[in-house]
Structure formats: structure tokens, C-alpha cells
Amino acid sequence: LLLLTAALGVMAATRCPAPCVCDNLRAHVLCLNGSLMAIPDTIPELTKKLDLRGNSFMVIPAGAFLATPYLTHLDLQRCKVERLEEGAFRGLGRLVYLNLASNGIALLYQESLDGLYSLQQLILEGNRIEEIQPGAFGHLGSLTVLDLRANALVYLPDMVFQGLQVLRWLRLSHNALHVLGSEAFAALPALRRLSLDHNELQALPGEALARLDGATRLDLGHNPITYVAEEALAMASLRHLFLDHASLQDVAPDAFARSPQLRVLDLRENQLQGLPPLAGAGGLARVSLDGNPLLCSCLLRPFHKWLARARVQAEGACAAPPALRGRSLDSLKPPEMRCGRLRPPPSPTTPPEEPRAAGSRQCPRGCVCSPDFHHGSCENRDLREIPRDFPGDTRLLDLRQNAFRTVPPDAFPGLKELVSLHLQSCSIRVLHPGALRGLESLVYLYLTDNHLSTLAAAAFEGAPQLAYLDLDRNAFTHVPAGAFRLLPNLISLHLQHNAIGELAEGDLAGARGIRWLYLAGNAIRHIAPAALAPTKMLEKLQLEGNHLSEVPTAALRGLPVLSELKLSRNPIKHMGHSVFLPVASSLQHLYLDNMGLEWISPHAFTGLGPKIKSLYLESNKMSNIPDMSNFTGLEILNLQDVPFHCNCQLLPLHRWINKLNLRVGATCGSPAEAQGLKVKLPTTFLTCPGWGRGEAGETNPNKTKAASKPIKKKRSGKSPARGFSKSRA
């Protein structure tokens, strides 16, 4: 009791940092949706739970939390974090929960998570992590859940999860994975559930999955897998396998013979006309085949007979012949399954070749080569020429912080298995034609912090698998037109913090597969109407910190899947009618903050509605905003530092904000007597016509005479918002 009293006394005696709220009794500190640019250094030492959601830290520096060693829970969602410095979380030996979701982290280094030896849950969902270096999780020996959903991963190297001895659930859904090292999951003895759905796997990664002896559930749905080969899956404990919504055309009879515990097989929404008897799957209890074009002819009789003999429940219905269309499988009788003149079933798609055996173990002088990780490193060796003679099975090559100046033709001979190449901060001015020739497996190329001002398409000759190209902080004054024609698999293009002045028609020619385009921090004043036309798969467009004076509406046409648009920190003062209409059917996240925006047309958001999940309007100069009553899916709305004129015309906005149950940060800028008051508070609106009835829950906005355009909030059975931005306040 004395110790508890003393602890509470210390908490109470410590001043709570503005703009935070401190609950001394429970040792909780909340600093939500503020404008903090750095971790407060006056947080009470005995704090156990620290919630910093919705701030703007950008970088978590080394030792950022040394002053709060008793933390058990730390929430850093939506804090615009782009980099975790090595040792950022040192001193947090008691932390069990860390949430870093919805930030901008692109790379995890080996020491980024050092010191978190008690951590049990790590949430990294919704970042833009493109690569994980082996050893990044090596200090997390207590971790049970690792969430890496919705990032930008294409490749998992061998031993990437080494050190996670007690991990039970690994979530890798909604990435772009299509290359897995054969030993990628080798260090996960306790794993029970693996989520690999919504990726780009074209074949079942059987060799990598065979290392998971204890896994009981595997999610592989929504991958373009066309064929499951003989004995493709050898997972001794697997009970639930999900291969739904793939592109399956055939399954070998003994595909699951080495997974004897399999009980549930989900094959919904594929292209299967039938299945053979599944030999060796003696424990199978249910097969789901709904949504497949099942041909219920005599060719399906062996499978139908096997179902009855093995007592397996099958879900699915016939698509042909016409006489049996719609009939469920369990209602069929063998004589009904006749054969007429039928085309033979398609031959199985040949699975991709397995990686070749490891090469020799040579290593250039002064460099370090790791045979376990297939890594080579010559970082910061003051080299003037790119070294050669790395082992032929090298998959990650780190040459950062040297002084190469140029990359000559055929600079990387014999590295056909190289996946990731790091050339950051190498003073490179020229990438010669043929420089990457022979790198037929290359997926990641980092050329950040160099002096490149132009690129020729021939520079990428021989690297057709390149998916991630990082050219941030170079000397480009324009996008190198046509440079990406030889990169059919390019997904992510970084050209941030260059000196690009415009985006012209033809600049992105050939870049048909780009999903994420990063152009922040340039000097772009104009985007030609057809500049983005080749990028029909574009999902994210980041244009913050440029010189745009208007929304590039014409350039947004022809982008049917654009879900995120960032226009923050552009000098857009006025926003006219229907400026987002071309992307209204797909847009989910819209950033319009820190623009000096003075006026928004009442019809600026025409077409936008329930799909919008987050809207950032903070730090602008307008005094009112358009009707957003149909934004029923909002999870985040930021209206901080907007000088609202709090008269009766703002009453509909006041009512709508209160119904949202979101922490929006809206305050009055005028009149003088209301300045600084929260728009949520009723004080300013007590004398407005219709006030009493509206607040009693019977508001009819059409009868609010003082409102220039009332906001009509649609009612639904769902909560108006969900997730981490809700507030009970």
C-alpha cells in the first residue's frame, strides 16, 4: 500500500504535458490527434499506457522513450512516422503491446526494434514496408502476434523472422508477395496461423511452407494460383486451408497427401470444372466449391464417388450441363452424370521452376557475405568501384555509402538470384545502359540520396522483375520520360524530394502496373491531363509539398482504383465544383491539410460519400466546409486549426460533428466571443432558431432558417464510425 501511494504521489506530482490528458489512477496518458512533432519528454515516469495516435512525429529517434521505462502499452497509429531509428524503443523492456499502424514506414532495419524483449503484439498494418532485413525481429523473443498486413512486401528472404520463437500468428495479407525464400519461415517453431491471402503468389510456396510443422491454419485466398501440384503441401499439423478466390484450374490427386490432418479445404470462387479423388487426405471433412464452373458430367463421377466413400461434405453446385445447372453436389446421383461430346479438361498449368541450388561461397575483399541469409554487404567502405565476385546465390546486396559515381554496364555479373540491391548515398550521377543486365530476379532497387538527373530505359535492361524503384532525393528536374518501358512489373515508384517542375504527357509511358506513385516534395506546378493515363492501376498518389495551385481534376480521369490522394502543403487557395468527381467511386483517403485553403465550393465533394474513410482538412483558413452528411464511413476527420465562423449558419455542422462520435478538433475562430471554443460545444448556438428541437433528437434541418445549407445525416443500423478514432468524450 505504501509503494502504491508513493507511486501515485509521483504521478500526481508530475505535470501532465500539454495537450495530453493524464489518468494518474490507472497510469494512462492520452495525447490524441494533436500537433505534437516530437515525443513529449515530460510524460510521468510511471506511465504504463501511452496513447499518441494522430500526431506528426515523422521519425522516432533513438532512446525516444527512455524517460518512461514502465510502459506496457504504446499506441503510435497515424503519426506520419516514416523512419524508426536504430534503438528507438530501447529501455522499454516491459512493453507488451506496440501499435505502429497507418504510418509511412518503408524499411525495417536490424536494430529498429531493439530492446523490446517482452513485446507480445506488434502491429505494423497499413505502412509502406517494402523490405524487411533479416534480424529485424531478432530481439522479439516474446512476440506472439505480428501484423504486417497492407504493406508493400514483394519478397521474403530466408530467415527473415529469425528470433520469433513463440510467434503464433503471422499476418501478411494484402501485400504484393510473389517471391518467398525457401527458408523464409524456418525459424517459427510455434506458429499456428499464417495469413498470406491477397498477395501475388502464382504457385503454392510448398518448400517454404514445409518448415511450418505446427501450423494449423493457412490462408492463401485471393492469390493468382492456377494449379496445385503433386504433394505440393507438406504441413503435418494443417487442419484448415483456404484457397478461395484464386485462379485454380486444376488440383493434382495427391496434392494434399502430405498434410494428413487437413479437415477443411476452401476452394470457393475458382475456375475448377471438377476435382479428382483427393488421395491421402483421409481426415478431410469438408470441401467448399461454391462459385466454381463445375461440369457435372461423367468426368466428375470419381470425385463424387470418393466424397460418399470418404464421408466428406461438399458445398457447390453444377454450372453445366444445362439439365443439371444449379443442382447441389450432394443431390446428384451417378446415372445423372452423363458424358456427351465434351471438350477435354484443360491441362494443368506448369508450376514455376524452383530456385537453383546455392552458388559458391566467394566474397570480395573488405566485404561481408552471410551464407545463412544470402546477404552481401560492403556498406560505408569508401569504395570507388562496384566490387565483383559475390556468391552466386546472393539475394540482398548492400553497397550503401560508397563513392561509385557511376554504375557501368554489366556491373553485377553472376547474380541471377539477387532480389534486393541497395545503392543509397553512393554519389551516383550516371546509371549506364545495361548496368543491371543479368539481374533477372531483382525486385527492389534503392538509389536514394544520389545525384541522378536523367535515366534511359536501357539502364533497366535485363531486370524485368523490378517492382520497387526508389529515386528519392536525387537531382531530377523532370520525370525521365519513357525510362520505365522495360519494367512491366513496376509497382512502386519513388521520386520524392527532387526538383520536378511538371508531370507531362508521356512521362510515365510503359508504367502500366504502377500502384503507388510518390512525388512529394518536388516543385510540380502543372500535371498534364493525360500524364497519368498509362497508370490505370494506380491506388496511391502522393503529391504533398508541391506548388500546385488547383486540384488536378483532369489528370485524375482514368484512375478507376485510386484510393488515396495526398495534396497536403500545396498552395491551393480555392476549391471549385466537383473537383474529385473522376475518382469519387474509389477514393477512401483524402489529404487536404496545411494548404492555406480559404474557400471550398459547397459542391466540391460532389460524388464522394460512404467510401471515404479519412479526410484531413486541418491547418487551413476557410470558415466553413461543404455538406458531408453522406460521408457515413468516416473513421478519421481532422478539422484542427481551421478558423470556423461560429454563427447559426454553422449549426448543421455542429450537429453533424456531434453525431459522428469522432475526435475532430474543430474550434471557433470567430466571432470574438466564441474564439477558441470547440464547435462541438452548444454555447454559441443556444440562441439559434430550432436549437431546442434539434438537440432533443427531433431536428428537421430544412426548418433551420439560419442554415444556408442544412446537413441531413442519414441514419443507418451501423455506427457512424468505427476503429481507433472514436472518442467517448
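The values are calculated or read from the model by the stated rules, or taken from the named source; none is laboratory data. The structure displayed is predicted, hence computed values, not measured ones. Every residue, glycine as well, gets a Cβ built from its backbone with ideal geometry; the counts of neighbours run over all protein chains shown. Note: areas computed on protein heavy atoms with side chains; ligands, DNA, RNA excluded. Shrake-Rupley method; radii C 1.70, N 1.55, O 1.52, S 1.80 Å.
Structure notes:
- Heavy-atom surface of the stretch 573-685, accessible at 1.4 Å and reported per residue (Å²): 37
- Global form of the stretch 511-641, assessed from the alpha-carbon gyration tensor, a/c cut-off 1.5: oblate
- Checking the Cα-Cα distances for Lys80/Lys540; Lys540/Lys573; Lys536/Lys573 against a 18 Å cut-off, the pairs over it are Lys540/Lys573; Lys536/Lys573.
- Heavy-atom surface analysis with a 1.4 Å probe gives the stretch 573-685 a carbon and sulfur content of 51 percent of its accessible area.
- Cα-centre dipole for the stretch 573-685 with unit charges at Cβ (Lys and Arg positive, Asp and Glu negative), debye to 20: 240
- Placing unit charges on the Cβ atoms only, positive for Lys and Arg and negative for Asp and Glu, gives the chain a dipole magnitude near 2720 debye about its Cα centre.
- Farthest toward positive dipole pole in the chain [+1 Lys/Arg, -1 Asp/Glu at C-beta], among Gly181, Thr68, Cys668: Cys668
- Taking Cα atoms only, the orientation of helix 651-660 departs from the longest principal axis of the chain by about 40 degrees.
- Cα radius of gyration and Dmax for the stretch 534-602 (Å): 11.5, 33
- Of the residues Gly521, Leu248, His494, the one whose Cα sits farthest towards the positive end of the charge dipole of the chain is Leu248 (charges of +1 on Lys and Arg Cβ, -1 on Asp and Glu Cβ, taken about the Cα centre).
- Probe 1.4 Å, all protein chains present, accessible-area order of Thr226, Thr47, largest first: Thr226, Thr47
- Solvent exposure of Met58, expressed as accessible area, is near 80 Å², computed with a probe of 1.4 Å over the protein chains only.
- Carbon and sulfur %, accessible surface of the stretch 453-561 computed with the full protein complex present, 1.4 Å: 53
- Helix 301-310 axis, angle to the chain major axis (alpha carbon atoms, nearest 10°): 80
- Whole-number percent relative contact order across the chain, with pairs defined as alpha carbons under 8 Å at least 6 apart: 4
- Projecting the Cα atoms of Leu167, Pro334, Asn55 onto the charge dipole of the chain (Cβ charges, centred on the Cα centre) puts Pro334 farthest toward the positive pole.
- Prolate is the label for the stretch 573-685, because the ratio a/c of its alpha-carbon gyration tensor axes (a ≥ b ≥ c) is 1.5 or higher and a/b is greater than b/c.
- Between 0 and 90°, nearest 10: helix 2-13 axis offset from the chain longest Cα axis: 60
- DSSP beta bridges in the stretch 573-685 [antiparallel fraction, %, rounded to 5]: 10
- Reachable aspartates and glutamates, given that their alpha-carbon falls under 16 Å from the alpha-carbon of Lys48 and they are not under 8 places away in the same chain: Asp23, Asp75
- Mean accessible surface per residue for the stretch 129-218, computed with a 1.4 Å probe while every protein chain stays in place, in Å²: 27
- Three-way shape label, the stretch 415-470, alpha-carbon gyration tensor, a/c 1.5: oblate
- Sparse-neighbour loop sites [trypsin sites (Lys or Arg not before Pro); the stretch 277-332; at most 12 other C-beta within 10 Å; DSSP]: Arg311, Arg325
- Computed [θ] at 222 nm, helices only, for the chain once each DSSP H run of length n ≥ 4 contributes -39500 (n - 2.57): -1500 deg cm²/dmol
- Unpartnered cysteines - no second Cys beta carbon under 4.7 Å - across the chain: Cys79, Cys426
- Partners for Lys680 among aspartates and glutamates (Cα-Cα distance below 14 Å; same-chain residues under 8 apart left out): Glu695
- DSSP beta bridges confined to the chain are antiparallel in about 10 percent of cases.
- A simple rule links phi to the HN-Hα coupling: the Karplus curve 6.51 cos²θ - 1.76 cosθ + 1.60 with θ = phi - 60°, which for the stretch 94-101 gives 9, 5, 10, 9, 9, 10, 10, 5 Hz, with x for Gly and Pro.
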